[in-house]
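The values are calculated or read from the model by the stated rules, or taken from the named source; none is laboratory data. Since we're looking at a predicted model, the values are computed, not measured. Neighbour counts run over all protein chains shown; Cβ positions are idealised from the backbone, glycine included. Keep in mind that these areas ignore ligands, DNA and RNA; they rest on the heavy atoms of the full protein, side chains included. Shrake-Rupley method; radii C 1.70, N 1.55, O 1.52, S 1.80 Å.
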Amino acid sequence: GQINRFYIDTEGYDVPLLLQLDLAKFKLDYIEFEYTHSDGVFKTGDNLNKLLEKLKINYNSINKSGQYNIIAQSLK
């Protein structure tokens, strides 16, 4: 099925969880997640870069939202 909007905030585990998620299976139109702790407390790095590369396959709009979040959207 189709999920229109998916918001995740798991206190530092957002990016690792999204890296494991099968995006083709769940067909999420919109994902919002906290990226600031992707590689440790207030650290970004390899995990975030891997997720952004994965998101680029299915999403044509990936933007920061405020200081802590990223929104990935499949614009139709």
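Over all other residues within a Cβ to Cβ distance under 10 Å of Ile70, the charged ones net out to -2, with Lys and Arg as +1 and Asp and Glu as -1. Once the 1.4 Å probe is applied to the protein heavy atoms, region 1-63 comes out at 63 Å² accessible per residue. Just the protein heavy atoms count here, and of the accessible area of the chain at 1.4 Å, carbon and sulfur take up 51 percent.
Helix 46-58 and the long axis of the chain differ in direction by around 10°, with both axes built from C-alpha atoms. What percent do you get for the relative contact order of the chain when only Cα pairs under 8 Å and 6+ apart count? Result for the chain is 30 percent. Of the beta bridges in region 31-76, as assigned by DSSP with both residues counted there, near 90 percent are antiparallel. With a simple spin-label model that places each label point 7 Å from the Cα along the Cα-to-Cβ direction, the separation between Leu17 and Leu75 comes to 2.8 nm.
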